[in-house]
Structures are given as C-alpha cells and as structure tokens.
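The values are calculated or read from the model by the stated rules, or taken from the named source; none is laboratory data. Every value quoted in this text rests on a predicted model; they were computed, and no experiment measured them. Glycine also receives a Cβ, built like all others from the backbone with ideal geometry; neighbour counts cover every protein chain displayed. To get the accessible areas, we keep the full protein, side chains included, count just its heavy atoms, and leave off ligands, DNA and RNA. Shrake-Rupley method; radii C 1.70, N 1.55, O 1.52, S 1.80 Å.
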Amino acid sequence: MTHAGFWRRLAAFAIDLLLLGTVGQLCGLVAFDQLASLGGWGRLIGLVLSVLYFGVLDSRLGGGQTLGKRLLGIVLYHQAGQRISPVRSALRYLVIALPLEINALSQGPGDGQMGLSMLQAALSLGVGLACLYMMIFNRRQGQWLPDVLCRTLVLRKQPGDLPNPVFWRGHAYAGLSMLALAAALPPMLAHWLNAPVYGELTRVANAVQAVPGVRAIGVQEAQKGGTSPEGAPPTVFLQVSAQVDQRARLTQTMANQVARAALPQMAATDRAGLVIALRYGFNIGIASRWMQYNVSHSPAEWRQLLLKP
C-alpha cells in the first residue's frame, strides 16, 4: 500500500463534514426551537455525533473507512498493520475537534472573557498551526498530527507492503514551537486589554448581557467605506449582536431594550451609528441556522426613539 495523498485526504474529510452538516441541518428542520433552547450546550450534540461517526467508521468496526474515505479509496490503519479500536479512532478525531470546540466557547467581550478568549484562541491556533505544518512538511511519511499522536496511517487501497514511517524529530520540535508561540500570544497582547476601546466594548457587553432574554452577546467596532480622494474619513459604528432565547424577542421592542442598555456605556465619540442585531437559532457545531432582526440608527436617533412612550 502507499500513503494517501494530501488532496485525496482533504477531499475525503470535506465529504465527511458535508454529510455531518446535512444530518445537522435535518435535525434543525425537525427540532429548530428545541436546539435553539440549548444555547451553547447544543454544540455537544454535534460533537457527540461527529465523534461517533469518525470513532466507529474509522475503527475496525467500520473497516477503517468513513464514507468520504470509502468514496476516495483510502483506509485508516495502525502503524503495526491492524485496524484501530473505536476508542483510539475517537481520540484521533478529538485531537482536532476539541481545540475548535474550546475556541467556540468564547462569548466575546465581558468581565474576564477576553483573557479566556485569548487562551482559547491560542490553543486553537497552536493546534491548527501544528496540523498545517504536518500536512505540508511531513508528506513523505504521510502522517498528520492526529496520525502521529495516535500512531496511525491513511493509505491507498492497493496491494503491497505496509509502509514503515520514520518520524523525524525535527517535526516534533517544530510542532512544539508553534504551540509555545501560540501560548505566548495572550501575555504578548495583554496590553490590548487596557486599551480604551476594549474598556468600552466590555462595558457595553456587560450591560447588554444583563438584559432579560439575552443569552450571548458580541460587540465590535466596525468601519464602512474608506478614505476618499477628498479625504472623507470612513464611517465608524458600533455593532451589538445579541442572541435571544425566544423567537418572539426578534422585535423592535427588544432592540430598544438592548440599545437602552448599550447607549449609556458608549464613549462620547463621533460614531455614525449603533447597530443592534438580534439573533435566534442554533449552532450545534456541524450545522447552524439563524433568524435575525437588525436595526441601525445614529446614537442621537436612538435616544430620540427611546424617549417615545
């Protein structure tokens, strides 16, 4: 047998993700509100489904082939030559899945949230860089990071002897260096936590989070347009994205409540607008679907609107 090529493996994985995403969307059609009610915990459903999918099919129970691998003619083996156990197969998938899930736990600015978000992003970035490095520079052995850690091989279904990979230690040092670099990012960027704009975003986020019915928030400063030949500056606005717990909250009344909480926390700047984006839906990791209600006004227009009975 020979090692499966980079693009063949990538295509097989893409097919598997497409199949899992289709299953997730079908679940959303049947139980949209039920999945939406789970909030962030809904991602556990997608994680369990994907772990079962890869854990069973990539193991000896599934012949070492997910549906994507079967279509592309590749198979998963242990380095010793036998098919792997479901436990090893599940752990192999979790090498990539867990950092992504941990990174997805971020709720945006808030007390203590940015430091946690940086750590989550650092873990995801470190594992991602290590995976990318192994994909590009360890092609001779044909082992990606999950293969190295779980001692597996992905091979073409062709007659022949099982290849015996010889792992170069330099790859391990390079991977550890990338993990160390990613881990060093939070303290390197810590000064940003004290920046005035971050302090404002944190205050707005904390205030909006206290609004009844708001489940998760995201606050960011955005720009529209750019410097024109005449020197006109870009339009700067603040966007507050609030995930609500009920479909019935996608209304102007709820947008007014969010704006009423956000406006007093905004610094006195020349921002052209405050955008309130209400969202209701689900994200189970393998699939997501959202309903939205967006309202945009200048800070002065919002204050006038909120004065009305």
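Within segment 150-178, restricting attention to residues that are surrounded by 15 or more Cβ atoms within 10 Å (Cβ to Cβ) and assigned to a helix (DSSP H, G or I), which residue is modelled with the highest pLDDT?
Only one residue fits best here, namely CYS150.
In segment 84-114, what residues are modelled with pLDDT under 75, open to solvent by less than 50 Å² (accessible area, probe 1.4 Å) and either more than 17 Å from the chain's Cα centre (by Cα) or within 21 Å of ILE284 (Cα to Cα) (or both)?
Answer for segment 84-114, where residues must be modelled with pLDDT under 75, open to solvent by less than 50 Å² (accessible area, probe 1.4 Å) and either more than 17 Å from the chain's Cα centre (by Cα) or within 21 Å of ILE284 (Cα to Cα) (or both): ALA104, SER106, GLY108, GLY110.
If I ask for residues that are at pLDDT 95 or above and in a strand (DSSP E or B), which ones from segment 244-274 would you list?
VAL244, the sole residue that qualifies.
Consider TYR293 carefully, then state whether it is open to solvent by 60 Å² or more (accessible area, probe 1.4 Å) and in contact (Cβ under 8 Å) with a residue 12 or more places away in the chain.
yes
Just one of (1) loosely packed, with under 14 Cβ neighbours inside 10 Å; (2) at pLDDT 90 or above; (3) under 22 Å from the mean Cα position of the chain (by Cα) trips up GLN209, so point out which.
(1)
What's the total number of residues in segment 1-12 that are open to solvent by 70 Å² or more (accessible area, probe 1.4 Å) and at pLDDT 90 or above?
1
Can GLN220 be described as at pLDDT 85 or above and open to solvent by 80 Å² or more (accessible area, probe 1.4 Å)?
Answer is yes for this residue.
Find the residue count for segment 27-48, including only residues that are surrounded by fewer than 16 Cβ atoms within 10 Å (Cβ to Cβ) and under 21 Å from the mean Cα position of the chain (by Cα).
So the count comes out to 7.
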